[in-house]
Amino acid sequence: MSHVAARVSATLIVCASLSATHIVLAQETIRIAGNFVPSHSSSIAIDQFEQDVELATEGQLDVQVFNNMQLGGAQENVSQVRAGTIMMTWVGMAYLTRTVPELEAVSVPFLFPSREVAYQVMDGPIGELFAEKLAEKGFELLGIMELGERQVTNNVRPIRKLADLQGLKIRLQPNETHLDTFRALGANPIAMDVREVYSALQQDVIDGQENPYNVILASRYPEVQKFLSNTGHFFDFIPVVANKKKFAALSPVLQEAIKTAMRNAVLAQRKAAAKADAQALAELQKQGMQYDALAPSEREAMRAAAADIVDEIRGRVGGDLLDRVIEKVQQAAGS
């Protein structure tokens, strides 16, 4: 090989190496963490999101998913996103309320008559307002998935009426409205991160907990809980949030790819969540849990017992916001 040819060959190798390095440097890694198990509908939706983003961006974005508390508990994930340690999290709304208390406006007990009404409210002006409040605290709201209607389980006695809740030590999320509601219902609520709940139930530190049917099943609570009732006291959500500064630093094309993929993931998750909830109730009974359906009159008694909570929420989130939420719920419900 001539000296000229050798120099040309060497130059091509260097250029190829620089080109490969450029491709690696151009790739952006996005880490998203959550506390839900891999089989939960939200985790499955996030897996879909990962695939869709990487396909749409032709590998410019490398999405790394950490479910099942791999990067810590729910509150830790929220703190990590706010600090920019990780890019995104999908998490129960309660874990964001201490940073953005306005979110409690949709935690009014027995507020939503159906999941369809809940979606309509959250996908409209109320959801837009929440996005603004989250942005003020450094979060970019990318979507709202369904956590679902929350139901009580315990190991002491069946819950068939309001009086059956008296004195029970029930684990709840760290949400002041949730805690105040169960105090009003006569229970002894205890705020606890989700990763501590199973062992606390197993060791009788607490009597029970409350979650949607599919979470109760996925968390293996039938192994440590006997009684289940359809209290349906709250309808809960799973916001997906990103660090606002990190998200803003992405190009508009990449931002849009993330938003589009998340919209599709949210729609798929909501559909799957409704189906999973019905299937989970049947499976919980199959695994040995005693299910006691509350009479409508008992649900109404619980609603009446928790009525004063509305005034407490007004003090934390503002009366105007709460009135807007209630108005939107009534409009969506056609009442």
Show which lysines lie in cross-link reach of LYS259 when reach means a straight Cα distance below 30 angstrom and same-chain residues fewer than eight apart are skipped.
LYS133, LYS137, LYS244, LYS245, LYS246, LYS271, LYS275, LYS328
Report, by chain and number, residues whose modeled amide H sits under 5 Å from the one on ILE30, excluding near sequence neighbours (fewer than 5 apart, same chain).
ASP62, VAL63, GLN64
Cα-centre dipole for segment 3-333 with unit charges at Cβ (Lys and Arg positive, Asp and Glu negative), debye to 20
380
Please report, in debye to the nearest 20, how large the charge dipole of segment 24-90 is about its Cα centre when each Lys and Arg carries +1 at its beta carbon and each Asp and Glu carries -1 there.
320
Taking max minus min of the Cα coordinates of the chain on each principal axis, largest first, gives extents in Å of 95, 44, 31
Among the trypsin sites (Lys or Arg not before Pro) within segment 117-174, which fall in a DSSP loop and have no more than 13 other Cβ atoms within 10 Å of their own Cβ?
LYS137
Mean Cα-pair separation over length for segment 3-333, i.e. relative contact order, pairs under 8 Å, 6 or more apart, %
25
What residue among ALA306, PRO252, GLN225 has its Cα farthest toward the positive end of the dipole of the chain, where the charges are +1 on Lys, Arg and -1 on Asp, Glu, each on the Cβ?
GLN225
For segment 3-333, with the dipole built from +1 on Lys and Arg beta-carbon atoms and -1 on Asp and Glu ones, taken about the Cα centre, which of PHE234, TYR291, GLN331 lies farthest toward the positive end?
TYR291
Whole-Hz Karplus ³J(HN,Hα) for segment 314-324, in order, using 6.51 cos²θ - 1.76 cosθ + 1.60 and θ = phi - 60°, x for Gly and Pro?
4, x, 8, 10, x, x, 4, 5, 4, 4, 5
Residue-wise, which Karplus ³J(HN,Hα) couplings in Hz belong to segment 202-217, taking 6.51 cos²θ - 1.76 cosθ + 1.60, θ = phi - 60°, and x for glycine or proline?
4, 9, 6, 5, 10, 8, x, 7, 9, 6, x, 3, 5, 6, 4, 5
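Only counting other Cβ atoms within 10 Å, I'd like ASP292, ASP207 sorted with the fewest neighbours first.
ASP292, ASP207
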Taking H placed 1.01 Å from N in the peptide plane, check which residues at least 5 places from GLU149 or on another chain put their amide H under 5 Å from its amide H.
ASP236
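Between rounded, prolate and oblate, where does segment 102-237 land on the alpha carbon gyration tensor, with a ≥ b ≥ c its root eigenvalues, rounded for a/c under 1.5, else prolate if a/b exceeds b/c?
It is prolate, given that a/c is not under 1.5 and a/b is the larger ratio.
Just so you know, all these numbers are worked out from the coordinates, no wet-lab data involved. These numbers were taken from a predicted model, which means no experiment stands behind them. Heads up, the Cβs are rebuilt from the backbone with ideal geometry, glycines too, and the neighbour counts pull from every protein chain shown.
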